[in-house]
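Here the structure is laid out as structure tokens; the discussion comes afterwards.
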């Protein structure tokens, strides 16, 4: 019993952004203003699953602290968001914010 519980607690429980919205079909065409991702090590997996060309959230917040010790995931997330038209700034030792440049009247 203890071993089974340990396996459940260690298994990551996350869904992609599209899978989450598929549960609620009426959300597919909504303007999404704010996305906040805090899934410890899985933030980058979920972040990159968002179809930013379709949804274009105005503001994205995610925790970069647990994106492994590899700088590659932190850098990849920032570059990817920048390439999608976001101004990306780490705002603390743990968190990064991304704001859509069009909302600010800027070009990326």
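The values are calculated or read from the model by the stated rules, or taken from the named source; none is laboratory data. These figures come from a predicted structure and were not determined experimentally. Please note: Cβ atoms are built from the backbone with ideal geometry, for glycine as well, and neighbour counts cover all protein chains shown.
Odds and ends about this structure:
- In the range 63-80 there is at least one residue matching the filter, namely being in a strand (DSSP E or B) and touching a helix residue (DSSP H, G or I) at 6+ places or on another chain (Cβ under 8 Å).
- Tally, over the range 30-61, of residues that are without any contact (Cβ under 8 Å) to a residue 40 or more places away in the chain and under 19 Å from residue 103 (Cα atoms): 15
- Selection within the range 12-27: residues that are within 16 Å of the chain's Cα centre (by Cα) and assigned to a loop (DSSP other than H, G, I, E, B). The member of this set that is modelled with the highest pLDDT is 16.
- Enumeration of residues in the range 33-60 that are surrounded by fewer than 16 Cβ atoms within 10 Å (Cβ to Cβ), closer than 19 Å to residue 84 by Cα and at pLDDT below 85: 45, 54
- The range 35-46, residues that are more than 15 Å from residue 21 (Cβ to Cβ) and part of a helix (DSSP H, G or I): 40, 41, 42, 43, 44, 45
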